[in-house]
Amino acid sequence: MKKIILFILAAVPSIVLAQSITLVSVDYGQPVKTNPTPVCYSHEVLEEISDQMYQQGNPKYIWVDLLKDRYITNDDGHSLNLYISANNANGKGNVPIPTEASKRYAEKWESFVKSIHLKVDTSTPYYLDASYGILGAEVVNEKSEFRSITKGELYFLNLNPQGELRFYKELIKEGLATENDSLSWNFTVNGYYVNGKRLDTEQREKFRNIGIEEFGTDYNKIWQTTNSIGYPLQRKMQKLAAMLDN
C-alpha cells in the first residue's frame, strides 16, 4: 500500500505541470528581412515593455517575453505560431523551450487572462501568430500596431466574450433574434441578414459599427459570414457569460 501511495504522489506533479506552450517557427523559403542587422535589445528594455503591455491588457506581451529570453529573434522574417495550453502538454514545436520555462510562460498567460477578468479556457489551446515575425522597430514604438490593442484581436483569441454577448443582446433588443431559438446570420456586401430577414439601413449601420468595435471588421470585406448555432441562443450566451470572471 505504501508503494502505491508513493506512486500516486509521484504522479501528481505531472498533472500540476500540464500547462505548456508550443512555438513553431516557419521559414517559407523567402523570409522577409526587414532589418539586415537586427538590433539586440537589452533584457531590461524588453522586460519593461513586456510589463507595460501586460498591465495594459495586451496579449502580445508574450512575444516580447520570448524575445527577451532569446527564444525568438526580432526581424528574422519567420512566421511564428504559438499555442498555449492550460491543461496539457502540447506536442513539441521546432523552437525548443525547456519544460519549466514552458510551464512558466503558460502560468503567466493564465494570470494575464484572469487580469482582464476572464476565466482560463482549459478546453482549447490559445493560439497567437505573427505572420512576419516580430519587428524590433514596432516593439519599441509605443504607437505601433504591435503595441496597440484591438477588440478584434481579443475576439479571435477568444478573449472578448463581452463583445459577442453585446452582439447577441443587441440582436434580441432589435427583435431580430430570441433567446429560445437558434440563430443564423449572414453579413456581406450584398446585405445583412439575420434568420433570413434583411436588415434595414439603420439596423445595418448599427451592426456594422458593432462588428468594427467588437470583432475588428464590418464584414464588408468578407464574402460570406454565417453562424448557425443549432441550439437556443440562450445556451450560447450562458457559455459566454460563464467565461467572465467578475
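Here is how the numbers come out for the structure above:
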{"item": "Viscosity 0.890 mPa s, 25 °C: Kirkwood-radius Stokes-Einstein D of region 127-178 over Cα pairs, µm²/s", "result": "183 µm²/s"}
{"item": "Residue-normalised accessible area of the chain, given per residue in Å² at a 1.4 Å probe", "result": "57 Å²"}
{"item": "Fraction of accessible area attributable to carbon and sulfur, the chain (%, probe 1.4 Å)", "result": "53 percent"}
{"item": "Within region 59-91, backbone nitrogen closer than 17 Å to the virtual label 7 Å beyond the Cα of residue 114 toward Cβ", "result": "85-88"}
{"item": "Trypsin sites (Lys or Arg not before Pro), loop per DSSP, at most 14 other Cβ atoms within 10 Å - longest free stretch of the chain", "result": "144-220"}
{"item": "C-alpha long axis of helix 201-215 to longest principal axis of the chain, angle in °", "result": "10 degrees"}
{"item": "Identified option (computed log10 I(q)/I(0) by the Debye sum over Cα atoms at q = 0.08, 0.10, 0.16, 0.17 Å⁻¹; candidates [x] -0.41, -0.62, -1.19, -1.25; [y] -0.27, -0.43, -1.24, -1.44; [z] -0.42, -0.66, -1.38, -1.40)", "result": "[x]"}
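The values are calculated or read from the model by the stated rules, or taken from the named source; none is laboratory data. Note that the structure is predicted; figures quoted are calculated from it, not measured. Virtual Cβ from ideal backbone geometry, glycine too; neighbours counted across all protein chains shown. To get the accessible areas, we keep the full protein, side chains included, count just its heavy atoms, and leave off ligands, DNA and RNA. Shrake-Rupley method; radii C 1.70, N 1.55, O 1.52, S 1.80 Å.
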